[in-house]
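Below: one structure, written as structure tokens.
A short reminder: the numbers here are calculations on the coordinates, not readings from a lab. Everything quoted here is computed from the prediction, not taken from an experiment. We place every Cβ from the backbone using ideal geometry, glycine too, and count neighbours over all the protein chains shown.
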């Protein structure tokens, strides 16, 4: 319940719908009880046992409200029967019962009508809040989480929370009020019979609660397992070529099958426990009614202390308790499942994000002097990737970072864009620590082109204009020309409005990379970071992409992370890294003449 209480703020914008739902649920409970009470005068008239009252009763304390109401109803029935006949009286009473049932069902519909806006509103707002949280969480969070699990939380778990909110409203208002109104009316008919019912209710409640034990724990396990097989599905779709080329269908098929089998067993256990609640509560309710028939029949037939019409109405009211009792038992299990789902949703929503824009952050739109990396230390886990690392990149300078895998080159790119924050030291832009800059302002200064061409299932224009959504067609085409991409885009059926498919799979590797470069060109940032932008390309594509990169880097401050050393020979400065430290730096010719680490790397690649 504590988890679900934390979801309540999402329902506050829709509180008017909650109040309207409660209002009509109260009316529903009232009319539900009255629909059975109205049977009494009809049965009296039908069986000819109605009491004849010829003088209008007057309320007195000795008479009491119950007897006064009974006498007044009998008086009006007598008057109408005398004037119009017993057939008309019976017709009027039947019409009243039909009207009460109509009002009861109308209130039930209106209660569900208004709760729909609250349910779907909370569902929408939860999903939006989770998606926005996912967008703002640091990259480090997702390196530890499986994508399929995150997808399961934003889809299935949010649905479960939505259904639980409805269950709570039924639990708190509609069904309990129906039971309360019914029991109060039963008390007015017979205190003895109702006292017997009250003895039974706690016993049945305890037995039903035993069935629901462990339900939250199993629901949490099932939801986690659902995330597992969705992750397997997502990974399979993303790496389908590798799966097929390595004949790994059996391996992934077994992993998926095992996960869905575990989910199958957990789901069966959960649903069977839930399904047991309804027949169990109904059976126990029928058992009570059986005892009531024996005891109440004795009062009607032998003791003559209860009228037959009152007893029949009482039995109808007793049976009227069964439906809400079953609904409460099912709803209570829904709440337990919802609590498990809410825990998983809240884990995302309440996740602390250490990389945020601080209050009073500085907005910056231009680069004046350059970038200074001062004595930084950083590690993804316990091992430090960078140790006391310092580097200066002047405005307009192209600095290339080279070295073996694991030397910390890509980590520099991650830290400059503030995907991660340094453990110690500082990174300065024009003398200002990037942690003191507005996050959007900082990233607005930087254009990033990565080794993996990350494109989206949209048009070429939408992908290229991601950093400048309001760019004109002419501006997009100009950026494509700078990136050597327009030569193939112009031949596509719809030009820049051509959809490139999921992750750009309709294009070749070189074409995708040139679109990534065009995106950076159109953004037109003062700082450009190229993270091994040509390492995955063939020779012809590399030549075109390299030319595009050189076009883009003119008059910009650039940090180039390169694996192929042939692509960075024209850099103003080459920084050779090894195990998170700078081994040597200088121009290509200077480093070759020095005959150090860089020359060994060049010789190795030349030999290869």
Taking 7 Å along the Cα-to-C-beta vector as the label spot, tell me the residue 264-residue 359 distance in nanometres, rounded to one decimal.
5.6 nm
Give me the distance in nm between label points sitting 7 Å out from Cα along the Cα-to-Cβ direction at residue 497 and residue 146, one decimal.
4.3 nm
Taking 343, 430 and counting other C-beta atoms within 10 Å, the order from fewest to most:
430, 343
Please give the peptides 115-123, 578-586 ranked by average Cβ packing (other Cβ atoms within 10 Å per residue), highest first, as a rough proxy for protection.
115-123, 578-586
Given the Cα-Cα distance of residue 5 and residue 23 and 0.36 nm per residue of separation, how much length would full extension add, in nm?
4.3 nm
How far apart, in nanometres, would the label points at residue 102 and residue 187 be if each is projected 7 angstrom from Cα along the Cα-to-Cβ direction?
3.3 nm
Please find the FRET efficiency linking residue 592 to residue 487, where r is the Cβ-Cβ separation and R0 is fixed at 60 Å, and quote it to the nearest 0.05.
0.95
Can you tell me which of 191-200, 350-359 comes out highest on packing, and rank the rest after it, using the mean Cβ neighbours within 10 Å?
191-200, 350-359
Which three extents, in whole angstrom, do the alpha-carbon atoms of segment 401-519 cover along their principal axes, largest first?
52, 34, 23
Footprinting proxy, 23, 31: sorted fewest to most Cβ within 10 Å, the residues are 23, 31
Inter-part gap, Cα centre of segment 442-472 to Cα centre of segment 375-410, in whole angstrom, is 25 Å
Net length gained if the chain between residue 423 and residue 351 were fully extended (0.36 nm per residue, minus Cα distance)
23.9 nm
Using the 2.2 N^0.38 Å rule of thumb for compact globular proteins, work out how segment 327-420 stacks up: its C-alpha Rg over that value, please.
1.82
Please compute the length gained on full extension between residue 381 and residue 180, using 0.36 nm multiplied by the number of residues separating them and subtracting their Cα-Cα distance.
66.5 nm
